[in-house]
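Okay, structure first, notes after.
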Amino acid sequence: MNSQYTYFLILAASLAGPLALSFDKKVAFYKQWRYVFQAMIIPALLYIIWDAYFTKLGVWSFNEKYITGMKLIGLPLEEILFFFIVPYCCIFIYACIRSYYPNLTNKKRANEILKALAVLLLIIGVIYYNKYYTGCTFIFTGIFILLIYLFPNYFKSFDAVSFIVAYAVCLIPFLVVNGFLTALPVVKYNDAENLGIRIYTIPFEDVFYGMLLILMNIIFYEKLKSAN
C-alpha cells in the first residue's frame, strides 16, 4: 500500500468506531449531529489558522512520505480533517459519559481542579513564552478555562466533572493516534519550540493542545443543545 495514505488511514480508523456506535439506541448520537457539526466550525477554523501559522514558522512540519500531497493554506488535507474527526470522536465519548453516567458527583472538586490547572498553565506559559508551542498552548488553554468561570452565566451548561472524565477517556485513543503520528513520524516537531518532554514520542504540549480543542467543541456543543 502507498505510504502516502498513512495519515488518511489513521484518521479513517479513528473515526470508524465512534461513527458506527453513533447509532447506539441509548446514546443515539446521530440525533445530535446538527449540534456536533455546528459546534466544530469555530474551533476548527481557529485551529487551522493556528496550525498554518505554526507550520509557516517551523514549529512543526509534515513528512511528505505519509501524506497525499493535497494541501490547503499550506496544510495537508489530512491535517484539516484532523480538526473535525478528532472532535467528533471526543464529543461522542463525552455524550456517552453524559448518557451512561448522568449523576457524576464531585462537581465542586472538578471545578477546583480546572481552575487550578488554568492558573498553573498560565504560569508555565508565561515562563516559557519564548517557546512558541509551549507558551501559546498553555496560555490559550489557561485563558479559555478561566473564561468559563469568569462568565458562569454564559457557560452555565458546562459540566466540569463530565468533561474531565470524558477527556481522561479521550486521552487513551488521542495518545494512541498521536503516538502513530509522531513515531513514524507523520508530524515532525521543532524541539526548540517546546519543553522537550515526551510521552513516548508525543510532545507533552499535545495533551493541552488537544484539551483546548475538545473543550471548545464541548462548550459550543452544549451551548447549541441548551439553546434548542
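Observations on the structure shown:
- Sequence-distant aspartates and glutamates (8 or more away, or on other chains) whose Cα lies within less than 16 Å of Lys131: Asp51, Asp191, Glu193, Glu205, Asp206
- For q = 0.12, 0.14 Å⁻¹, Debye-computed log10 I/I(0) when each Cα of segment 106-228 counts as one equal scatterer: -0.48, -0.65
- Normalised per residue, the volume of the convex hull around the Cα set of segment 1-83 (Å³): 99 Å³
- GNM remark for the chain: springs join alpha carbons under 10 Å apart, and the peak mean-square fluctuation among Ile202, Ile73, Ile85 falls on Ile73.
- Rg and Dmax of the chain, based on Cα coordinates, read 17.5, 52 Å.
- Taking one quarter of the surface of the convex hull spanned by the alpha-carbon atoms of segment 56-165 gives a direction-averaged projected area of 9.1 nm².
- Dividing the helix sum by the residues of the chain, where each DSSP H run of 4 or more adds -39500 (n - 2.57), gives a mean residue ellipticity at 222 nm of -23000 deg cm²/dmol.
- Mean separation of Cα contacts under 8 Å (6+ apart) over length of the chain, as relative contact order %: 28 percent
- Reachable lysines, given that their alpha-carbon falls under 29 Å from the alpha-carbon of Lys25 and they are not under 8 places away in the same chain: Lys107, Lys156, Lys223, Lys225
- Given charges at beta-carbon only (K, R positive; D, E negative), |dipole| of segment 1-128 in Debye: 600 debye
- Under 14 Å, Cβ to Cβ, from Leu104 - net charge with Lys/Arg +1 and Asp/Glu -1: +3
- Quarter of Cα convex hull surface for segment 102-162, i.e. mean projection, nm²: 4.4 nm²
- Between the listed residues Ile123, Asn228, Ala192, the Cα displaced farthest toward the positive end of the dipole of segment 109-228, a dipole computed from Cβ unit charges relative to the Cα centre, is found at Asn228.
- Residues with amide H under 5 Å from that of Lys71, placed H, sequence gap 5 or more: Leu77
- Net charge dipole, the chain: roughly 700 debye, given to the nearest 20, about the Cα centre with Cβ charges of +1 for Lys and Arg and -1 for Asp and Glu.
We did not get these values from a lab; they are worked out from the coordinates using the rules stated. Computed from a predicted model, the values in this text were never measured in an experiment. All Cβ positions, even for glycine, are placed from backbone atoms using ideal geometry, and neighbour counts span all protein chains on display.
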